[in-house]
Amino acid sequence: MLVFGTPRTSHRIVVDGTNPVTRLTGIAARTGRSPRAKAQQGMMIAMRALAMAILLAAAAGACAAVLVASPAGAAVNCSNFSTQAAAQEFFLAHGGPSADPEGLDRDHNGVACESLPCPCNTSTTPTATPTTSPPPTTPVASAQDPAGCTAPKAVQNVSFSATRYPKIRAHFLAALRQGWPRTLVLNRADASERRTRLLKGIRTKRGYDRDEYPPAVGRGVGKGLEKGRDPVGWKADVAYVPSHENRSHGSTLGTKLRRLCSGTKFRYVFY
């Protein structure tokens, strides 16, 4: 065995008869690597960390892009609708089929949420807004209006004696509690048809009449007075009232309304 160099950095050459092996002794032997090797190793570790950071950033960006584009992240999805027709109406109202911000049309065929139950709507054209005018809020002057009648703008009080018409008054108050309006609109046209439709199926009772509130001449036009169709406003509240009281009240009502034209607002007042 031959040894040369200084004691701290000496090289020891061992000859085993085939290949010589060089070993570092002193400082190199104690650390196991040279300073240059350490530097290279540190550089490799830093490069690997940088590459890993770049890959993680790219993956995060891809995930964010998927989340933004996914319909599941939208504010509205097919589960918000009970029928396909409802989903299609919403889809068309919000730009469909040319635009689909909510992702309701997955296969881009212009039909939203096809997996939902019917009623269904496969139209790709938004429903047009109806152009028909609403029914008039005041009746047209009736041919049954008496000549010389007037139509004052203020609500007209039609008064009755509470002592003479106690059952009529009780029915009037009960009907108000059920939600029928106090202010009525005079509407002579089709009054007979409204009365006939209302009383059909309500049996007669000996000694009693079937009193209506609102009366047939006071419904068919106005808020709360248009319940029922064919004819409009045939519905009203009905109560059995002694015949003599009901017929006297009906005659008095007709007399007090005679001066007024259809379209005039009026109300019962008991004194």
### Message
Which count do you get for residues in region 160-204 that are charged (D, E, K, R) and either within 21 Å of Tyr271 (Cα to Cα) or not assigned by TED's automatic domain parsing to the domain that holds Leu257 (or both)?
### Response
5
### Task
Spot the failing condition for Thr138; the list is (1) under 25 Å from Leu257 (Cα atoms); (2) at pLDDT 80 or above, and only one is missed.
(2)
### Where Cys118 falls short, out of the listed (1) loosely packed, with under 10 Cβ neighbours inside 10 Å; (2) at pLDDT 85 or above
(2)
### Qualifying positions in region 84-113 - surrounded by 14 or more Cβ atoms within 10 Å (Cβ to Cβ) and assigned to a helix (DSSP H, G or I)
Gln84, Ala85, Ala86, Ala87, Gln88, Glu89, Phe90, Phe91, Leu92
### Task
Just need a number here: residues in region 169-189 that are within 16 Å of Glu226 (Cα to Cα) and crowded, with 19+ Cβ neighbours inside 10 Å.
8
### Task
Return the only residue of Arg177, Arg164, Arg182 being modelled with pLDDT of 95 or more, within 18 Å of Glu245 (Cβ to Cβ) and not aliphatic (A, V, I, L, M).
Arg164
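The values are calculated or read from the model by the stated rules, or taken from the named source; none is laboratory data. Here the structure is a predicted model, which is why all the values come from computation and not from measurement. Glycine gets a Cβ as well: all are built from the backbone with ideal geometry, and neighbour counts include every protein chain shown.
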